[in-house]
Amino acid sequence: MLSSLRTPFRLSTPPYSSNSSDTSYSADSSENLKSVAEEVRSLPQCIEIFENGPRPVSESLALLNDEEVIMLAQCGKIAAYSLEKVLGMNELERAVRIRRALISRASSTQTLEASDIPLSHYDYSKVLGACCENVVGYIPLPLGIAGPLYVDGTLYPIPMATAEGTLVASASRGCKALNAGGGVTTVLTQDGMTRGPAIDFPSIVDAADAKIWVDSEEGHATLKKAFESTSRFAKLKSLKTAMAGRTLYVRFATATGDAMGMNMISKGTEKALEVMQERYPTMVVLALSGNYCTDKKPAAINWIEGRGKSVVAEAVIPGKVVTTVLKTTVAALVNLNTKKNLIGSAMAGSIGGFNAHAANILTAIFLATGQDPAQNVESSMCMTLMEAVNDGEDLLMTVSMPCIEVGTVGGGTVLGPQKSVLEMLGLRGAHPTSPGQNSQGLARLIAAAVMAGELSLLSALAAGHLIRAHMAHNRSQANTEPVATPATPSSEKGPLAKAHLGRSKDSEKSLHHSSSTSSLPPYSK
């Protein structure tokens, strides 16, 4: 803990001032005390002001400069984690600046204080008590816009916060191909966040009795009433139980409105367990989350039962578009998708990983819209399917994503930039008339965007252009010497690959959206 640091630190300001033993002060003299530029009073003087100065303590600290507050923190008078509390809500940036100096001077490199990590011009009031602790600044990420993409008849820009070159360009190429076929249609098959506590009982007989009661109509009704008493948005949808020895696991699933819902469902689950304990006084709640949920970990139960929003998306891409925009063929894409996404993933024993790179697109949108990025583990579980239709001329594509865990209120959605991105999409906050519609809309958008990313990457793989694009756009040109692009197997064998070779320049241009389709919005071209 930073508050326990007691070692003296090197100061970047002049030595402490000890030319005056006068420790008297008043509120009227505050400007006088702070007027000596960069002068630092002695530690006893600072302690005197801190302990016996005006109250609240924030007024006393206002009489001290940053170096003097740093001194108080170094000697244990102020805990680094409580700087916002003691300095006051009007000095949040100062608290971050002082903590940053403390951490920097305690580190071996001592680089943080003067680093390029930005500190100023940020609304830390949105962060405090909600998003992060021991804050020392913020990390900007490049924000790109792919698309736009027609999703259920509405044209959406696709916001992506990422540091991976070619990702936004590639997704835009996929959007262009999907739009040419009329866009993406989505269906929401389920909406329910889950929490799965672990409960111990004195014997397996007691655990089994509790399981039977929870599974009964009486037990379900009792727990539902208790659960829903904690929030007007929390609606218990199902209970699933399982036993392991004397431990009972209960998986609560509930609709959570436009919130992602972890806090809401945790509160409801806690209340339900309190009521359950009245019937079973000997039961012991080991953990509110017993990993039967399952949160932020790969799990078959999520893949099978769903968690958060379960979305299936569908599109038909005309064969002509596959040839001209994606530079491959319907037959090549269907074959590659089967051998790579289905058989290859099965050979690896994958759970929910029957896709090319769903996590890439989903995580970039998560970061842009203030979602919990750790939930990309289960949220990016996806099955991509392709088949030839219309006598083999066109491509039918679907993606099935049973666990998209998103919200448009709470969490990182309260932060200014993320809130602005949701506003751009028309999905910010709680829906005024239909609770849950905004968060469901975001889940539908993510599934459609994942389809665009899948389509473009698989096309690049089928055409043998992936390495070429990444070498051109996904590395530092200034610091890397040019190297020869290695030949890929598809560029050396087979008539299809030879045909692609002749169009390689066109393919690279398509990653930059340079080919024109007059019926499409400008920045998807």
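I need the full set of residues from the range 114-132 which are β-branched (Val, Ile, Thr) and without any contact (Cβ under 8 Å) to a residue 24 or more places away in the chain, in order please.
If the condition is that a residue be β-branched (Val, Ile, Thr) and without any contact (Cβ under 8 Å) to a residue 24 or more places away in the chain, then ILE117 is the only one that fits.
Output the number of the condition that LYS176 fails; it satisfies all remaining conditions of (1) charged (D, E, K, R); (2) outside the structural domain of HIS357 (by the TED database); (3) at pLDDT 95 or above.
Just one mismatch for LYS176, condition (2).
Just for the range 134-160: of the residues that are among the small types (Gly, Ala, Ser) and open to solvent by 10 Å² or more (accessible area, probe 1.4 Å), which one is farthest from TYR81 (Cα to Cα)?
If we take residues in the range 134-160 being among the small types (Gly, Ala, Ser) and open to solvent by 10 Å² or more (accessible area, probe 1.4 Å), then GLY153 is farthest from TYR81 (Cα to Cα).
Would you mind stating whether GLU59 is outside the structural domain of THR369 (by the TED database), in a helix (DSSP H, G or I) and more than 31 Å from the chain's Cα centre (by Cα)?
Yes; evaluated as a whole, the condition is true for this residue.
Counting residues that are within 23 Å of GLY183 (Cα to Cα), which helices (runs of 4 or more DSSP H) fully inside the range 373-467 reach at least 3?
Once the helices (runs of 4 or more DSSP H) in the range 373-467 are filtered for at least 3 residues that are within 23 Å of GLY183 (Cα to Cα), what remains is 416-425, 437-463.
Looking at the range 62-72, which of its residues are assigned to a helix (DSSP H, G or I) and either open to solvent by 20 Å² or more (accessible area, probe 1.4 Å) or in contact (Cβ under 8 Å) with a residue 40 or more places away in the chain (or both)?
Within the range 62-72, the subset assigned to a helix (DSSP H, G or I) is 66-72.
Scanning the range 62-72 gives ASP66, GLU67, ILE70, MET71.
Search the range 348-359 for residues being on the phi < 0 side of the Ramachandran plot and in contact with a helix residue (DSSP H, G or I) (Cβ under 6 Å, 6 or more places away or on another chain), and hand back the single one that is least open to solvent (accessible area, probe 1.4 Å).
ALA358
Among the residues of the range 282-309, what is the count of those that are under 17 Å from ASP191 (Cβ atoms), among the polar types (S, T, N, Q) and open to solvent by 10 Å² or more (accessible area, probe 1.4 Å)?
Residues meeting the conditions: 0.
The values are calculated or read from the model by the stated rules, or taken from the named source; none is laboratory data. It should be emphasised that the depicted structure is a prediction, and the values quoted were computed from it without experimental measurement. Neighbour counts run over all protein chains shown; Cβ positions are idealised from the backbone, glycine included. Accessible surface areas use protein heavy atoms only, side chains included; no ligands, DNA or RNA. Shrake-Rupley method; radii C 1.70, N 1.55, O 1.52, S 1.80 Å.
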